[in-house]
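A short write-up of the structure that comes next.
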Amino acid sequence: MTEKFDAFADFHMDGHNVIITGGAQNIGAGVAKTLAAAGANVMIADLQGDKAAATAAQIEAETGKRCLGMACDVTKAEDINAVVAATVAAFGGISTLVNNVGWGPRHADPTAITEEELVNAYRLNTVSAYRMSMACLPHLLKAKNPSIINSGSFSSAVPAYDILAYGTSKAALNQMMISIAHMLAQKVRVNSVLIGTVITEGYGDAGLDSAIQERLKHPDNLIGRTGQPQDIANAMLWLASPASSWVSGQIIQVHGGGAVVRLFGD
Ligand SMILES: NC(=O)c1ccc[n+]([C@@H]2O[C@H](COP(=O)([O-])OP(=O)(O)OC[C@H]3O[C@@H](n4cnc5c(N)ncnc54)[C@H](O)[C@@H]3O)[C@@H](O)[C@H]2O)c1
């Protein structure tokens, strides 16, 4: 009898060992769970060490795959090195890095933006992804289907003037990762997802009150709803798995379509 064709065969992540930064909650947790469910071992590296461990334990229970969580500040070289060492010790290697950490302050008034805030946004959203990528590189080079995936932002590609420090540092991340994709050509695939509005606790932390969040629930995008972590996780599963083995140096937009981001304007 002819064997049934499995259209999902290339989406399996068996044999893959993933590090995801900022995976203790929201989008990162959704990506971690999805990659684990697809067969990968996953290390969650997050500033919130306890939450990372709790999320990992829950994912392990739900997926049956190994999932660990540990404290890590991705702006600190020693923390990055510790995560890489712990992942290799636990899983035997690293095939996949998801640079998911990101955050930025709100600035309604452009004169209020300090140089420190600009530099800090760049340090968190851009430099950390570079450092993580370089620290993982020796291990990625030994792995099968190695890839780096970045949580970019739609705000890097359209006017998003009230989150200037964040948007510009995410724009730098796009360019940095395209450059790295070219420098690692034929060795490691590098892609980014430009994420649209996915309402999370981070919105409150960034100063978006419940009224603004309510407005964002009816966004002017082509689908007519805000995103869910799973919308992003589905795209990242494709980019991490062998299903996208002919895809590198790309910025994939997952944001419901459309071309306007105005978090605070009318
Ligand atoms: N939620 C959205 O609408 C949206 C839109 C566009 C892009 N993004 C991007 O997607 C990614 C995830 O977004 P989210 O909404 O799930 O974020 P979130 O704020 O809910 O979660 C971010 C996680 O990163 C961790 N973190 C923060 N600083 C860290 C550091 N220095 N070192 C290690 N971990 C740190 C936090 O503890 C948290 O668990 C971010 O890069 C964000 O910029 C999100």
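When you have a sec, figure out the Kirkwood radius of the range 106-257 from all distinct Cα pair distances and drop it here in Å to one decimal? By the Kirkwood definition, the hydrodynamic radius is 16.6 Å. Altogether, the Stokes-Einstein calculation at 10 °C and 1.306 mPa s, with the Kirkwood radius of the range 3-137 over Cα pairs as Rh, returns a diffusion coefficient of 102 µm²/s.
Working from the Cα coordinates of the chain, the gyration tensor eigenvalues give, after taking √(5λ), semi-axes of 29, 21, 18 Å in decreasing order.
So what is the 222 nm mean residue ellipticity for the chain from helices alone, if each DSSP H run of at least 4 adds -39500 (n - 2.57) and you divide by all residues, rounding to the nearest 500 deg cm²/dmol?
Using -39500 (n - 2.57) per qualifying helix, the result is -12500 deg cm²/dmol.
Cβ crowding within 10 Å, taken as a proxy for footprinting-reagent exposure, orders Cys136, Cys72 from fewest neighbours to most as Cys136, Cys72.
Measuring nothing but how far apart in sequence close Cα pairs (under 8 Å, 6+ apart) lie, relative to its length, the range 122-246 scores a relative contact order of 27 percent. In this simple spin-label approximation, Ile212 and Ala85 carry label points 7 Å from Cα along the Cα→Cβ vector, and these lie 4.1 nm apart. Amide H contacts under 5 Å for Val198: Gly227, restricted to partners 5 or more places along the chain or on a different chain, H placed in the peptide plane at 1.01 Å from N. Counting only lysines at least 8 places from Lys33 when in the same chain, those with an alpha carbon closer than 25 Å to its own are Lys51, Lys65, Lys142, Lys144, Lys170, Lys217.
Could you line up Leu47, Leu173, Leu237 from fewest to most neighbouring Cβ atoms inside 10 Å?
Ranking Leu47, Leu173, Leu237 by Cβ neighbours within 10 Å, fewest first, gives Leu47, Leu237, Leu173.
Per-peptide packing, taken as the mean over residues of other Cβ atoms within 10 Å, places 144-156, 34-46, 58-70, 184-196 in the sequence 34-46, 144-156, 184-196, 58-70 from highest down. Applying 0.36 nm per residue to the separation of Asp50 and Ala7 and subtracting their alpha-carbon distance, the gain on full extension is 11.7 nm.
Read-outs: derived from the displayed coordinates by stated rules, not from any lab. All of these numbers come straight from a predicted model, not from anything done at the bench. Reconstructed Cβ throughout: ideal geometry from the backbone, glycine too, with neighbour counts over all protein chains shown.
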